[in-house]
Every structure is written in structure tokens, then in C-alpha cells.
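Here's the structure we're looking at; comments come further down.
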Ligand code: EPU
């Protein structure tokens, strides 16, 4: 059932050193579909592209619809040539990732129609597309399900700007709305928009291409439609979730280090929570300094929320911190329905926690024992790796295929910090 590869970890080592953060997975995942909006045959260059499998999948989708993609993995650059030529997507790539849902807006805006399978991505409970469909329908796009595929057809072209209130600030639906509005005639206003930094990065990129968008990073985004968008040269923002992962990796191993090439402000929820819990953590410009040697930590009480709240993607890793801390912690998952799948794996590591619906009650400190465990999504795998790094002796973590989807060179980076970790068959 699972990929045979597993991660072997000999825990018990403090991580020490400097780490450089790569480009944001969720930023490039939005930007690549948005490049379908470019008029004419022009070439675009994207820099700071992480070497992750999700990018490979997105490049395959772009090739499927007619683009030529050149990817230089050593220089972290993607060059995109040509223009969109097809509006139908196969089952080959779309179901592998969640971000493929952004091709709904991007293709229909350029071609007037799209037919594609449902997107995939991490299994974090129910992940419906109703808000995306609501957005499409606001632009008078007919959405139908045919043969298990999503089929969208414009009823008036060009699209007309509109007023959209999102019942929930969905990241993907906000991105689809921005993409659709960029070339729609007149003005679009999105109320209760998601405020994630990846949305701001998308808007900065679209504005460089000639779009007229204001309000990104706030919950009201205004878009004045333009007729044409031109090619792009853009550097992706650093990955705030990779940053958060390494912050916690230093802390849970009681290590010490500097995280470089990041934007500390994008991790304020995490940084503030950890400082309040007694972590020695400071930051300046693009660096974060952590010293967790000989420290005892206080418990945490957190709720995951849309940005700038605590990111749901940090929640599994924060549970490792809570387990090692002194006292009673509470973790409330407010974004996804099922994000405590790691709890059953923790049992194998000798950890006792109480999970009730979307809450987790943890009494610490407890010690992780070595075990053989399996992660079913990107952040669950990293959470189990962090837990194993704290355990004395040898653990195995299955789920390499998820890790490779979202983290650039994660194992190698941990090794440079002194972790005893490798991928084995
Ligand atoms: N939702 C609906 N209907 C919709 C869309 C979303 O009910 O039409 C619900 C979801 O079921 C979920 C909540 O709204 O409960 C949040 O979903 P959202 O649409 O905001 O998330 P997303 O766009 O699917 C992105 C990231 C996720 C990250 C979330 C939340 C990408 C490619 N993915 O997903 O990243 O957890 O926002 O911040 O940008 C990850 O990186 O590991 C990851 C899962």
C-alpha cells in the first residue's frame, strides 16, 4: 500500500547550525496556474522555486495544456514559454495535488471553458469545492459535473466583474476569485478574502503582469479588470511553513541555530506563541535566532485559524512541542476536520493524549519512544520526523512520498544540522 521507502532516524541529537529557507510551496502552487492568464506567446521566469514534487506535477499540467516548461533545479528557476492551447485536463496529474483547482479559474478565464477531474491533495477530512464553485457562478460561469469531472462554461464573454462575499476565507477560493477577476470587465470586490502571504505574493506577481489589484493581505480585495496580462519575472517568497518546521526542529531537539532567508513576520503567530512558552527566540530582517539548549517550556493553548492566526499546517508539529513541555496544553483545530491522524501513531511512540473532536488535550512532559510510524500527509510526516528526532535510538517513518511533495531537500538539510537521518528502502 505504501511507498517502500522510509526515513530512518537515530534520535537524541541536538540540532545546531544555520539553515536557508527555500521558496514557498503554496506560493508557486498558485502562481504557476495564474500564468495561464498571459496573452500572447511570451516567456516568464520564476525564481526561488522549491525542488518539490508538487511543482513537478504543476509543470506537467502546464505542458498538458500547451506550455513549454524549462526547469533548472540547480538554480531553482522555472522558465515558461508559449501560451495556453487546450482547456481539457486528463486524470494524469490533476488528482495528485490540491492546487490544481486553480486551473479552474485560470483556464476558464483564458479559454471560456474547462473540463478537468477533481483535484486531490492531503486527506485532511472533507475538502469540498463549494466556495470555488460559488465564485465561478458569481462570474456567470456554468458549473456542471459530467462523468466525474468538473465542467465549466462561460455564459458571457468577456467575464464581468462582480461582488463576492466568501462564506469562509478559503485560500484557494480567494485565489480563484482573483484569477477570474484579473481580466474580467469592470471591478470585482472580494469580501472576507483570505489574507495569507501567498495571496499577497500572487497579487504582487499579477500586478507586475499588468493587473490592477489592491487590498491583498486584507480581507477586502479590489480588482479592476484589465484586457491583457504580459509575461512575468518574479521571485517566490520564502516558505513560512518550512521556516516554522525548522524553528520547531531546533526547539524540540533542544538545539540552537539560525534560520536564514525567511520573512519572520509571516510566522508571528508561531513565534509569539513559542516566546510566550519560554523559548529563547529573536529575529531581525530575514533571520530567526533560536536557543533551546537547557530550556524548560511552558504549555500552550492554541487554535488554528486563517492567517494571521496560527497556521493549521503547523498544528501537528506544535503537538510535539506541547508533549515535551511542562503542563497541560490544549490544541484546537479550527481549519480542517481531521488533522489529528498523528495521534494513533503517537500511541506507538508511547505518548498519551486525549483527542475529542477537533481538540487535543496534552499533559506534558512526556518522552517519545522510538517506533515504526506512518505519515499520511505532508505535515503529519514532518511531525513524526520531529517526534522521532527527540526519541532515543532508531525510528522509521513511512510517507516519503508526502514529504517530497512539500519539502525541498528536507532530509539533507536536517543532516547538515547534525541529525542522524536517511532515506532507506
Ligand atoms: N473549504 C470549503 N469549501 C471550499 C474550500 C474550502 O468548505 O470550497 C474549507 C476546507 O474544507 C477547509 C477550509 O475551508 O476546512 C480551508 O480550506 P482552504 O480552501 O483555505 O485551503 P486550501 O486552499 O485547500 C491551502 C493550502 C493548505 C493549507 C490551507 C489552509 C495550498 C495548495 N494549500 O489549502 O496547505 O493548509 O490553505 O491554510 O495552498 C499544506 O501546505 O500542507 C497544505 C495543506
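Please treat every number below as a calculation from the coordinates, not as lab data. From a predicted model like this one, the values you see are computed outputs, not experimental measurements. When we count neighbours, we look across all protein chains shown, and the Cβ atoms used for this are built from the backbone with ideal geometry, even at glycine.
Based only on other Cβ atoms within 10 Å, what is the fewest-to-most ordering of 25, 413?
By the 10 Å Cβ count, ascending, the order reads 413, 25.
Helix 102-111 against the longest principal axis of the chain: what's the angle in degrees, Cα atoms only, rounded to the nearest 10?
10
I'd like the distance separating the alpha-carbon centroids of the stretch 338-356 and the stretch 78-142, in whole Å.
A separation of 34 Å, based on Cα centres.
Helix 378-390: angle to the longest alpha-carbon principal axis of the chain, degrees 0 to 90, nearest 10?
That helix lies at roughly 20 degrees to the long axis.
Counting only C-alpha contacts under 8 Å and six or more residues apart, can you give the relative contact order of the chain as a whole percent?
Contact order relative to length: 22 percent.
As a test, work out the antiparallel percent of DSSP beta bridges whose residues both lie in the stretch 125-223, rounded to the nearest 5.
Antiparallel: roughly 75 percent of the beta bridges in the stretch 125-223.
How do 156, 333 line up, fewest other C-beta atoms within 10 Å first?
In order of increasing Cβ crowding within 10 Å: 156, 333.
Which value in deg cm²/dmol, rounded to the nearest 500, describes the helix-derived mean residue ellipticity at 222 nm for the chain, given -39,500 (n - 2.57) per DSSP H run of n ≥ 4 and division by the residue count?
Using -39500 (n - 2.57) per qualifying helix, the result is -9000 deg cm²/dmol.
Please report the base-10 log of the normalised intensity I(q)/I(0) for the chain, using a Debye sum with one equal scatterer per alpha carbon and no solvent, at each q in 0.08 (1/Å).
-0.44
In terms of the Cα gyration tensor, with a ≥ b ≥ c the square roots of its eigenvalues, is the stretch 162-253 rounded because a/c is under 1.5, prolate because a/b exceeds b/c, or oblate?
Oblate.
Would you please classify the overall shape of the stretch 273-322 from the alpha carbon gyration tensor, given that a ≥ b ≥ c denote the square roots of the eigenvalues, rounded means a/c under 1.5, and beyond that prolate means a/b larger than b/c while oblate covers the rest?
oblate
Given the chain, what percent of its DSSP beta bridges are antiparallel, to the nearest 5?
75
Please report the relative contact order for the stretch 193-249, taking Cα pairs under 8 Å with a sequence separation of at least 6, and give it as a percent rounded to a whole number.
32
Using the number of other C-beta atoms within 10 angstrom as an exposure proxy, rank 201, 276, 74 with the fewest first.
In order of increasing Cβ crowding within 10 Å: 74, 276, 201.
Label the stretch 100-198 by shape, choosing from rounded, prolate and oblate, from the square roots a ≥ b ≥ c of the eigenvalues of the Cα gyration tensor; if a/c is under 1.5 it is rounded, and otherwise prolate applies when a/b is larger than b/c, oblate when it is not.
Since a/c reaches 1.5 but b/c is at least a/b, the shape of the stretch 100-198 is classed as oblate.
Taking just the alpha-carbon atoms of the stretch 376-425, what radius of gyration and Dmax come out, in angstrom?
Computed over the Cα atoms of the stretch 376-425, radius of gyration and Dmax are 10.3, 28 Å.
Return a whole-number percent for the relative contact order of the stretch 89-143, with Cα pairs under 8 Å and 6 or more residues apart as the contact set.
Relative contact order comes out at 36 percent.
Taking the Cα centroid of the stretch 402-425 and of the stretch 189-255, what is the distance between the two, rounded to the nearest whole Å?
27
Taking Cα atoms, how many degrees apart are the long axis of helix 171-182 and the longest axis of the chain, rounded to 10 and kept between 0 and 90?
20
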